[in-house]
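The values are calculated or read from the model by the stated rules, or taken from the named source; none is laboratory data. This structure is a prediction, so every number in the text was calculated from the model and none was measured. Quick reminder, even Gly has a Cβ in these numbers, built from the backbone with ideal geometry, and neighbours come from all protein chains shown.
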Ligand code: SF4
């Protein structure tokens, strides 16, 4: 695979971006198709609850907005590479190639629908390229200044900080390609656009990692088993970055309740009730989103105005209001409250003096996870 040529073509198209922008919609939508009951490779390597929520949302016709800047940058980069491959290899190139494979795991079929970012088919070989766009992922001092392209030795992740899951993802893609194209040579690569910190500079570069090992069948089966049984995040940070948590479809992974004030059997019941509550909240959120889509204005339901109801609110010029109250012989303090968001700032400004103007009160309230 000639990556020098590919990176040059990506850069050329990148420079002519305004002129090629109209071609971007020609490429397939990022929304990928799956067979009934099939899972993607990224799903297999992530929290299985995400896959469940994704399918429920799809059924309900709900699409979550893509907000992260990196995702947009990554999307643009992916499309540039795909345009470059299409321009260099024509019909030999297929974007988002579907790799469907049924794996028997403990007597049951586990359907895998892998989506390969870039697929090329030649007479004697097939090539798979998985694209990633990461920020500051590589920080080892590889060279004095970042070159345009770095091709690493096969499977060698020792000189760079590379997320193992990306590597594993390509190993699974390779396994599927070997199964689906048994008579052809298989080449697989991870192509990463990233920032590289070197001795003197920080700069963008493309890193190619040739992946020449595929996952073993037993490793893949274990991943499928884990996916069926361990319904929780695969990495500590997964909940923090999860858009389903951000949009209220999941409140995150709950650790079991510490049995501080509870007997063991009550602790189990509390855990199961909290999980049930979590499911119901996600369901409720889905229902609310569907209703928001269905009701475009305001309607009356059981005598109550619901839907997009106007709510009037006011903002006040506080110094002027305080003056007006004073003029009427009233004390502004009787009508104003300290803004919760400003309390820390006031504490910092007044130091211990704040205790002279506030009274402490402790109340207990019942708190549940959000
Ligand atoms: S918030 Fe955490 S537990 Fe919930 S779906 Fe996302 S990753 Fe999984």
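Within the span defined as region 261-279, one or more residues are in a loop (DSSP other than H, G, I, E, B), modelled with pLDDT under 85 and in contact with a helix residue (DSSP H, G or I) (Cβ under 7 Å, 6 or more places away or on another chain).
Just give me the residues in region 108-130 being surrounded by fewer than 21 Cβ atoms within 10 Å (Cβ to Cβ) and under 13 Å from residue 77 (Cβ atoms), in sequence order. Hit for region 108-130 is 117, nothing else. Of the residues 299, 312, 367, 338, the single one that is surrounded by 10 or more Cβ atoms within 10 Å (Cβ to Cβ) and either touching a residue at least 40 places away in the same chain (Cβ under 8 Å) or in a loop (DSSP other than H, G, I, E, B) (or both) is 338.
Just one of the listed residues (193, 184, 179) is surrounded by 19 or more Cβ atoms within 10 Å (Cβ to Cβ) and closer than 26 Å to residue 121 by Cα, and it is 193. When 190, 162 are screened for being under 23 Å from the mean Cα position of the chain (by Cα) and in a loop (DSSP other than H, G, I, E, B), only 162 passes.
Within the set 168, 223, the sole residue that is touching a helix residue (DSSP H, G or I) at 6+ places or on another chain (Cβ under 8 Å), assigned to a helix (DSSP H, G or I), within 23 Å of residue 100 (Cα to Cα) and in contact (Cβ under 8 Å) with a residue 60 or more places away in the chain turns out to be 223.
Screening the candidates 244, 249 for the property of being modelled with pLDDT of 85 or more and outside any helix (DSSP H, G or I) yields one hit, 249. Taking the criterion of being under 18 Å from residue 190 (Cα atoms), assigned to a loop (DSSP other than H, G, I, E, B) and modelled with pLDDT of 75 or more, would at least one residue in region 66-77 satisfy it? The answer is no; no qualifying residue exists. Being at pLDDT 80 or above and either within 16 Å of the ligand (Cβ to nearest atom) or within 24 Å of residue 94 (Cβ to Cβ) (or both) holds for only one residue in 30, 54, and it is 54. Only one entry of 141, 104 meets the criterion of being more than 26 Å from the chain's Cα centre (by Cα), modelled with pLDDT under 95 and either more than 21 Å from residue 214 (Cα to Cα) or surrounded by 19 or more Cβ atoms within 10 Å (Cβ to Cβ) (or both), and that entry is 141.
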